[in-house]
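J.: Take this structure first; my questions come after.
The values are calculated or read from the model by the stated rules, or taken from the named source; none is laboratory data. This is a predicted model, so every value here is computed, not measured. Cβ placement follows ideal geometry from the backbone for every residue including glycine, while neighbour counts extend to all protein chains displayed.
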């Protein structure tokens, strides 16, 4: 919640070409406890003042020479920091109220001033404005935290991949369709192994030498999206000794718990077979 002292300490700019109106509104705000109230009688300076001081509220007269209130609001829209104009218009023309709201004003105060109405509308506008700014600041902190965490995860992922590649004969990743998106490790090329029969559900050629029972059991694990550790696979190729492998993998999910594929490692353990 916004504290009352935060509202009373808000930065307010009063804009009116009539000195009497400026003094009246400024005095009213001072009596209500507002401590940061400034004024301007030259409407052409408002945009620059707002960029410099970042006002929480601008009380803006509509009928002014050189640049009227509508022109001021159009100029204020060029400020990239403001998604909404922090403007309450001051007007004695009932027909200008709707036009002012359509131009971006958040509220209006009718002339001649009703003191209770002035205080209430200003207080409500400032409370909303400060709440909105606090929400924006919170969202910015969240975005920064997410960006930092994402960078940390990417760095951790890079370290993980590097370590797994060093600790295994190959590293692999699949997407949700079973297509391989990453395969690394020269051992696979040296052994002449095809990756798909090891971990994908594509039908291997009949003479590939893989143990059919083991392969089907592994495919069932993957279809059920279950992790597996040191899953044993064996392959016999002609008169050569049986090749033995151990494959480990785990399913991957995004932040919405949607399955996005598998990743894992494999090593050959033929020695001693």
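J.: On the basis of being part of a helix (DSSP H, G or I), surrounded by 13 or more Cβ atoms within 10 Å (Cβ to Cβ) and at pLDDT below 85, does residue 198 make the cut?
T.: For residue 198, the condition - part of a helix (DSSP H, G or I), surrounded by 13 or more Cβ atoms within 10 Å (Cβ to Cβ) and at pLDDT below 85 - is met.
J.: Would you confirm, using the coordinates I've provided, whether residue 2 is in contact with a helix residue (DSSP H, G or I) (Cβ under 9 Å, 6 or more places away or on another chain), in a loop (DSSP other than H, G, I, E, B) and touching a residue at least 60 places away in the same chain (Cβ under 8 Å)?
T.: So residue 2 fits the description; yes.
J.: Please list, ordered by first then second residue, the pairs with beta carbon atoms under 6 Å, 6 or more apart or interchain, first in the stretch 83-98 and at positive phi and in the same structural domain as residue 114 (by TED's automatic domain parsing), second surrounded by fewer than 20 Cβ atoms within 10 Å (Cβ to Cβ) and not in a loop (DSSP other than H, G, I, E, B).
T.: none
J.: Okay, next question. Which ones in the stretch 229-263 are in contact with a helix residue (DSSP H, G or I) (Cβ under 7 Å, 6 or more places away or on another chain), over 13 Å from residue 176 (Cβ atoms) and surrounded by 18 or more Cβ atoms within 10 Å (Cβ to Cβ)?
T.: Listed by number, the residues that qualify are 231, 233, 247, 249.
J.: From the set of residues in the stretch 27-69 that are assigned to a helix (DSSP H, G or I) and under 34 Å from the mean Cα position of the chain (by Cα), which is surrounded by the fewest Cβ atoms within 10 Å (Cβ to Cβ)?
T.: It comes out as 52.
J.: Looking at the stretch 225-273, what strands (runs of 3 or more DSSP E) fall wholly within it and have at least 1 residues that are closer than 15 Å to residue 175 by Cα?
T.: Output list reads 243-253, 259-268.
J.: Can you go through 117, 173, 179, 189 and tell me which one is within 35 Å of the chain's Cα centre (by Cα), exposed (fewer than 14 other Cβ atoms within 10 Å of the Cβ) and at pLDDT below 90?
T.: 179
J.: Does residue 15 fit the bill of being touching a residue at least 40 places away in the same chain (Cβ under 8 Å) and touching a strand residue (DSSP E or B) at 6+ places or on another chain (Cβ under 7 Å)?
T.: Judged against the criteria, residue 15 is a match.
J.: Kindly provide the set of residues from the stretch 77-94 that are within 32 Å of the chain's Cα centre (by Cα) and either in a loop (DSSP other than H, G, I, E, B) or surrounded by fewer than 21 Cβ atoms within 10 Å (Cβ to Cβ) (or both), ordered by number.
T.: Matches in the stretch 77-94: 77, 78, 79, 80, 81, 82, 83, 84, 85, 86.
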